[in-house]
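Participant: Just dropping this structure here.
Just so it is clear, none of the values below were taken in a lab; they were calculated from the coordinates. In this text, all values refer to a predicted model and were calculated from it rather than measured experimentally. Counting neighbours? That spans all protein chains shown, and the Cβs are built from the backbone with ideal geometry, glycine included.
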Amino acid sequence: MSFHTIVLHLDGGAGTATRTELAIGLAREHGSHLIGLAPTGEVEAPLEFGASLVDPGYLVATRHYLRQCATRLCEAFEAKAAEAQLSSYESRVTEGGHAASVMALARAADLAVIGQTDIDAPADGVEVDLPEQVALGSGRPVLVVPYTGRFQIPGRQVLAAWNDSREAAHAFAGALPVLQRAHKLTVMTHRAPNAQPIATQDLAAWLHRQGVKSPRFADEAAQIGVGDLLLSRAADLDIDLIVMGAWGQSRLKEWALGGATRSLLQQMTVPVLMAH
């Protein structure tokens with residue numbers, strides 16, 4: 001099983017080069033068609049003017065500038081893909097917001113590769129909650145890459161979170177091309193110390209039938225949140241990829257309580273593949 005089509009978000013931020021290198025490596029390994037997508041972003045009127053008072057020439061010039069920037073990102077992507085001798089790739093410039101553009105194209109792909117938001121230095125014009133929007137709205141697995149660090153092709157040492165939810169099931173199904181190639185897979189369940197363990201026999205049987213090699217199951221009874229626990233175990237086990245379902249509770253409740261998804265997106269140290 002492979003990712004036949006991968007969408008790579010190009011935004012010009014500090015992590016773009018690392019994200020591009022990782023996506024090219026994934027595409028080569030899976031024989032994927034890789035699409036480098038550079039949205040222009042929305043054109044916003046200056047705050048000191050009302051929208052109706054903005055000179056139309058300003059809007060035209062701004063759109064032209066943004067399109068030039070997006071075109072340069074696509075040219076750089078294509079140069080990297082050609083240098084890597086990738087067999088199938090293309091680039092696209094789209095007019096409009098980053099999140100909406102990535103979601104729309106990702107729905108016709110197997111995986112979207114996007115970057116973690118750097119709150120201190122967000123990429124120009126990119127929504128700060130782009131990872132959340134794409135994970136929630138695309139209907140496809142999303143690979144979020146940290147904005148700092150260098151990463152090899154992820155998926156050799158995998159830590160996957162299982163809580164018997166639809167989100168976890170969607171994430172495991174979407175991650176199968178990686179799980180089948182993993183050298184080592186640890187499936188972690190998390191529960192309060194006084195709670196019953198989560199049954200995993202049927203999951204283990206399904207993974208076996210899918211050709212996943214000898215996963216190790218770890219039942220974690222801990223008071224700390226699952227996001228913090230995943231990051232701790234990732235460090236302990238030298239993990240290069242975390243797989244998890246996104247937004248197990250309502251989005252509002254996760255925001256208020258600091259849920260596992262938000263905790264990982266803020267503190268992630270390795271790429272995270274998630275699905276909703």
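Participant: Along the principal axes of its C-alpha atoms, what lengths does the stretch 1-43 span, in descending order and rounded to whole Å?
Facilitator: Per principal axis, max minus min of the Cα coordinates gives 40, 18, 10 Å.
Participant: Restricting to the stretch 5-145, what percent of DSSP beta bridges are antiparallel, rounded to 5?
Facilitator: Values: 1 of 19 bridges.
Counting DSSP beta bridges with both partners in the stretch 5-145, the antiparallel share is about 5 percent.
Participant: Relative contact order for the chain: what percent, with Cα pairs under 8 Å and sequence separation of 6 or more?
Facilitator: Working: 535 pairs, mean separation 54.3, N = 276.
Normalised by residue count, the contact order of the chain is 20 percent.
Participant: Sticking with this structure for a sec: Can you give me the Cα centroid spacing of the stretch 185-250 and the stretch 61-136 in angstrom?
Facilitator: So the separation of the two Cα centres works out to 31 Å.
Participant: Give me the distance in nm between label points sitting 7 Å out from Cα along the Cα-to-Cβ direction at residue 228 and residue 129, one decimal.
Facilitator: Between residue 228 and residue 129, the label points sit 2.4 nm apart.
Participant: On to the next question. Given charges of +1 on the Cβ of Lys and Arg and -1 on the Cβ of Asp and Glu, with all other atoms neutral, how large is the dipole of the chain about its Cα centre, in debye to the nearest 20?
Facilitator: Details: 22 positive and 29 negative charges, 196 e Å.
Value, rounded to 20: 940 debye.
Participant: Points 7 angstrom from Cα along the Cβ direction at residue 67 and residue 90: gap in nanometres?
Facilitator: About 1.9 nm, to one decimal.
Participant: For the stretch 157-275, how big is Rg over Rh, using alpha carbon atoms and the Kirkwood form of Rh?
Facilitator: On the way: Rg = 13.4 Å, Rh = 14.4 Å.
Over the Cα atoms of the stretch 157-275, Rg/Rh equals 0.93.
Participant: Note down the relative contact order for the stretch 157-275 as a percent, whole number, built from C-alpha pairs under 8 angstrom at least six residues apart. Let's see the in-between values first.
Facilitator: On the way: 192 pairs, mean separation 41.1, N = 119.
It comes to 35 percent, rounded to a whole number.
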